[in-house]
Amino acid sequence: MARHVVAPVAEIPPGGHKVVEAAGKRIVVFNLDGAFFALLDRCPHQGGPLSGGILCGLTQSEEPGTYRFSRAGEFIRCPWHQWEFDIRTGKSWFDPRRTKVRPFPAHVEPGATLVEGPYTAETFAVRVEDSYVVVEA
């Protein structure tokens, strides 16, 4: 699997996330207290964008009327139909044996390990005018 540099660590603060495109896939990268996890940004139920969902935790119950909340901010809830997925594993708590989001490995490496490629993309002049970004093409 090819490696893709997606952002400086500081760009995705703890509790935050960033949507990136890598290898033709839309991927959402999460920072859970300094540990990075990445999921395909597509709910397997009906394709909703997980990046548009809210972060939540795990609520468990041993009996009616008794609830235990844990793992705050470690689950993402699909904005379309509220299915919840464990950010660490991609498993759905709707039916974790049958439904999950594809996880991708994500980790931090020092900049010195990255090698500059031999290609240069075409660039365009960009400036800001009256609070608008203007690209000269």
Going by the conditions given, is THR123 at pLDDT below 70, within 15 Å of GLN46 (Cβ to Cβ) and of a type in the set (S, T, N, Q)? no
Which one of the conditions (1) closer than 30 Å to GLU109 by Cα; (2) assigned to a loop (DSSP other than H, G, I, E, B); (3) of a type outside the set (D, E, K, R) does ALA38 fail to meet, given that it meets all the rest? (2)
Report the residue count in the stretch 1-12 for those that are within 12 Å of the chain's Cα centre (by Cα) and either under 20 Å from GLY73 (Cα atoms) or of a type in the set (Phe, Trp, Tyr) (or both). 1
Is it true that SER51 is surrounded by 14 or more Cβ atoms within 10 Å (Cβ to Cβ) and at pLDDT 90 or above? yes
Could you check, for the stretch 49-71, whether at least one of its residues is among the hydrophobic types (A, V, I, L, M, F, W, C) and either touching a helix residue (DSSP H, G or I) at 6+ places or on another chain (Cβ under 8 Å) or free of Cβ contacts under 8 Å to residues at least 24 places away in the same chain (or both)? yes
Is it the case that some residue within the stretch 55-64 is modelled with pLDDT under 85, in a strand (DSSP E or B), within 20 Å of the chain's Cα centre (by Cα) and of a type in the set (Ser, Thr, Tyr)? no
Can you spot a residue in the stretch 10-27 that is closer than 13 Å to GLY90 by Cβ and either in contact (Cβ under 8 Å) with a residue 40 or more places away in the chain or part of a strand (DSSP E or B) (or both)? yes
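The values are calculated or read from the model by the stated rules, or taken from the named source; none is laboratory data. Keep in mind that what you see is a predicted model, and the values were worked out from it rather than measured. Neighbour counts are summed over all protein chains in view; Cβ atoms, including those assigned to glycine, are modelled from backbone coordinates with ideal geometry.
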